[in-house]
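Visitor: This is the structure I have questions about; it appears just below.
Since every read-out is calculated from the coordinates, none of them should be taken as a lab result. Just so it is clear, the structure is predicted and the values come from calculations on it, not from any experiment. Because the Cβ atoms are built from the backbone with ideal geometry, glycine has one as well, and the counts that use them run over all protein chains shown.
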Amino acid sequence: MKKWGVHFLIVVVTAAATAGLTALLVNIQQRKLEARDRFVRLVELDESVLDAAVWGRNFPREYDGWLRTSDTNRTRYGGSEAFSHLDAHPQLRTIYAGYPFGVDYREERGHMYSLADQKLSLRTQQFNQPGACLHCHAGGMAHVYRTQGQGDLWVGFTNVCRMPLTQAWDLVQHPVTCVDCHDPKTMALRISRPGFLAGIAVLAASDAPVPSAPSIERWRAAGRKGTYDPNREASRQEMRSMVCAQCHVEYYFKGAEKLVTFPWHRGLKVEDIEAYYDAMNYADWTHAISTAKVLKAQHPEYELWNQGIHARSGVACADCHMPYKRDGAMKISDHHIRSPVLNIRRACLTCHHVDEDEMRQRVEAIQTRTRQLLDRAMDTVAELIQEIGEAQARGVPEDAIERARAFQRQAQWRVDFISSENSMGFHAPQEAARILAEAIDFAQQGRLVLVRAARAARTDVRERAR
């Protein structure tokens, strides 16, 4: 009887193990099939489908992530809460005096707000702005440009850039959306913004160092022929940064047509872009206090990132801001685009093998040092601006004031380059520190010019009194 019981137990265990193994194999097969079938095509997509909700029917996981860009979570030095930079840092009212940013300058929010926040800004409500502003704030602009250019992307691009923004708003309905970065037929990453296509072609054709390219010769060969097109030439890893660089860059509105132009003709460093603007005799505005011809940086994340260790190591923007994640059997890029500090485990710890607290402390240490340098630089530039205004009122010789204005232009450009860049120096810490050190130095040199001019004037008065 005992022997029969042992045999029965062996049969039961074997059957259970067989059933369990069978279920496991079936589950594995199901997961393989699930992973192979990347999406179910419920709707047909083409260039005219601009609504992310329609794309979301085919790609619900990615759409769910995109919807979460509406959150307002913050890190210590960044995030998505729309507070006023002018209230947080009053020096900026002096630095931006006479420019729309001196009236309204709010923290940027997530992609879902890109169009709505533009319409809410006093910079668009109180000042005449061109349609060029839509290049990055609205979704599906390539389709809009082709429509306005009767099928020609570049003609439509020019037409929309030069029209008033209030008129251009009638052409758009959606914020930054899926079609801006993905080919609707293949889902491949692609560049759709004309400004970037023109800018990267100019950079490839120049003598400037090519940014984070695995094969410089490949860039140069296409650049020399004037045919560099990232949609044909760039690797997928390069595209995981370039799709972001369509908007997260420095640019200006060129000429009467207000054409969105990336100033990359001499390179991507702060002094390269400055040299381009100087050669063009370009200024964003005449400062209301000092009357200096000054520049306004936009949001040069791509330029600063290219000077940092992550770019040199082949790490793309998406690796940190849209890290891969598992959803069932699917491996997808997280479309909840946000600061890596809000997602340290997946954004950072796949490469950095420390705990989350250690990683957060490393990031915040870099950002705190940058913030401290930035505050000192802003204070010094604001003091220079006020002193130029006072010197003009006192009748300090114009040649001294003009030299001080030149130093203001250099110092203010560098302060704004780091202040407007959205990583608080993290994308390239040493480069950010170098730029801010130069800003402080240029501002102090400008102040010294005024001090020496005032001293010389007093000496001249005493000598004439004798």
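Visitor: For the stretch 327-399, what log10 I(q)/I(0) values come out of the Debye formula at q = 0.14, 0.19, 0.24 1/Å, with one point per alpha carbon and no solvent?
Guide: For the stretch 327-399 at q = 0.14, 0.19, 0.24 Å⁻¹, log10 I(q)/I(0) is -0.66, -0.89, -1.06.
Visitor: With Rg and the Kirkwood Rh both taken from Cα atoms, where does Rg over Rh land for the stretch 333-466?
Guide: Using only Cα positions, Rg/Rh for the stretch 333-466 is 1.24.
Visitor: Which cysteines in the chain lack any other cysteine whose Cβ sits under 4.7 Å from their own Cβ?
Guide: CYS133, CYS161, CYS178, CYS181, CYS320, CYS348, CYS351
Visitor: If the cut-off is a Cα-Cα distance under 16 Å, which aspartates and glutamates reach LYS269, setting aside same-chain residues fewer than 8 apart in sequence?
Guide: ASP207, GLU250, ASP278, GLU301, GLU303, ASP416, GLU421, GLU431, GLU438
Visitor: Here is a follow-up. What order do you get for TYR228, TYR324 when you list them from fewest to most C-beta neighbours inside 10 Å?
Guide: TYR324, TYR228
Visitor: Right, next: Could you tell me, in Å, what Rg and Dmax come out for the Cα atoms of the stretch 62-209?
Guide: 17.3, 50
Visitor: Something else: If you take the square roots of the eigenvalues of the alpha-carbon gyration tensor of the stretch 129-286 and sort them as a ≥ b ≥ c, do you get rounded (a/c under 1.5), prolate (a/b over b/c) or oblate?
Guide: oblate
Visitor: Continuing with the same structure: Could you calculate the contour length gain from THR291 to VAL40, that is, 0.36 nm times the residue separation minus the distance between their Cα atoms, to one decimal place in nm?
Guide: 84.4 nm
Visitor: If the chain between THR22 and TYR324 were fully stretched, how many nm would it gain, using 0.36 nm times the residue separation less the Cα-Cα distance?
Guide: Result for the pair: 105.7 nm of gain on full extension.
Visitor: Under the rule of -39500 (n - 2.57) per DSSP H run of 4 or more residues, summed and divided by the residues of the chain, what mean residue ellipticity at 222 nm is obtained, to the nearest 500 deg cm²/dmol?
Guide: It lands at -17000 deg cm²/dmol.
Visitor: Can you put THR286, THR177 in order, fewest other beta carbons within 10 Å first?
Guide: THR286, THR177
Visitor: What FRET efficiency comes out for the pair ARG455/ARG232, r = Cβ-Cβ distance, R0 = 60 Å, nearest 0.05?
Guide: Calculated transfer efficiency: 0.45.
Visitor: Something else: Rg and Dmax in Å for the stretch 258-334, alpha carbons only: what are they?
Guide: Reported Rg and Dmax, both Å: 18.5, 61.
Visitor: Take the alpha-carbon centre of the stretch 318-346, take the same for the stretch 224-259, and report the distance between them in whole Å.
Guide: 24 Å
Visitor: Okay, moving on. Kindly list the residues of the stretch 154-194 that lie in the label zone of LYS119, defined by a backbone N under 15 Å from the point 7 Å along the Cα-to-C-beta vector.
Guide: The answer is 165-176.
Visitor: Related question: Jot down the radius of gyration and Dmax of the chain, Cα atoms only, both in angstrom.
Guide: Answer for the chain, Rg first and Dmax second: 27.4, 133 Å.
Visitor: How much length would be gained if the chain were fully extended between VAL103 and LYS225, taking 0.36 nm per residue of separation minus their Cα-Cα distance, in nm to one decimal?
Guide: Separation in residues times 0.36 nm, less the Cα-Cα distance, equals 39.4 nm.
Visitor: Can you sort HIS299, HIS135 from fewest to most other Cβ atoms within 10 Å of each residue's own Cβ?
Guide: Ascending Cβ contact count within 10 Å gives the list HIS299, HIS135.
Visitor: Can you work out the FRET efficiency for the pair ARG57 and THR350, with r the C-beta to C-beta distance and R0 = 45 Å, to the nearest 0.05?
Guide: That pair, ARG57 with THR350, gives E of 0.90.
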